[in-house]
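Participant: Provided herewith is a single structure, encoded as C-alpha cells, for subsequent inquiry.
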Amino acid sequence: ASVPPPTTGNVYVVTHVVNDNGGLKVPANFTMSASGVNASIPTPFSGLGTPGILVSFSPGLYNITETSVGGYTASPGIGCSGTIAGGDNITCVFTNDDNVPPPPPPPPPPPGIDIGPWVEASTTSPGP
C-alpha cells in the first residue's frame, strides 16, 4: 500500500524581537493572525520565538499578519504569505525592531534675572 500524499502544508510562525534601542517587548507582546484554507489554529494568537507556532493549511493561498505595536517596526519575511501545497514546510519570520527613541526636548532657557525689585528699591530709597 502506498502512503497518501500530505493534504496540508505547515507554516512555522516565528516572532523575532530586536531590542537594541531600549525596547523591552518580547515575542508574546505581539499578536499574530493567520488566514488561509482551513487554518489549524484560531487567530489571533500570541507571538513565539524560535521554533515558532505551527499553523497548518489546506493547499491554497495563505497570509500571516501581525498587529502593529507602538515603538516597533515590523518586517515580515518572505514565507509570510503566498501559496502553500500539501507537504510544504515554510518558515515565516516577523522581525520587530524597536525604534530609535526621539531625542530629549531641549532644556528650558534659564529664568531671566529679575532686577525690578532692586531697581525699585534703589530709586525709591530716601536720600540723605
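Participant: For the chain, what's the relative contact order in percent, using C-alpha pairs closer than 8 Å and at least 6 residues apart? Please report the intermediate quantities before stating the final value.
Facilitator: Values: 253 pairs, mean separation 39.5, N = 128.
31 percent.
Participant: What is the set of long-range amide H partners of ILE90 at a cut-off below 5 Å, with H atoms built 1.01 Å from backbone N?
Facilitator: Amide H to amide H, under 5 Å and 5 or more residues apart or across chains, ILE90 pairs with ASN10, VAL11, TYR12.
Participant: Between (i) 65, 11, 10; (ii) 30, 13, 11; (iii) 38, 17, 10, which matches semi-axes √(5λ) of the Cα gyration tensor in Å calculated for the structure shown?
Facilitator: Computed from these coordinates, semi-axes √(5λ) of the Cα gyration tensor in Å corresponds to label (i).
Participant: Counting only protein heavy atoms and a 1.4 Å probe, tell me what percentage of the chain's accessible area is made up of carbon and sulfur.
Facilitator: On the way: 5260 of 8280 Å².
Carbon with sulfur: 64 percent of the solvent-accessible area.
Participant: Could you calculate the FRET efficiency of THR31 with SER58 from 1/(1 + (r/R0)^6), where r is the beta carbon distance between them and R0 is 22 Å, rounded to 0.05? Before the final figure, lay out the partial values.
Facilitator: Numbers: r = 24 Å, r/R0 = 1.08.
Computed FRET efficiency for THR31 and SER58 comes out at 0.40.
The values are calculated or read from the model by the stated rules, or taken from the named source; none is laboratory data. For clarity, every value in this text was computed on a predicted model and none was experimentally measured. Cβ atoms come from the backbone with ideal geometry, glycine included; neighbour counts cover every protein chain shown. When the accessible area is computed, the model is the full protein with side chains, heavy atoms only, and any ligands, DNA or RNA have been set aside. Shrake-Rupley method; radii C 1.70, N 1.55, O 1.52, S 1.80 Å.
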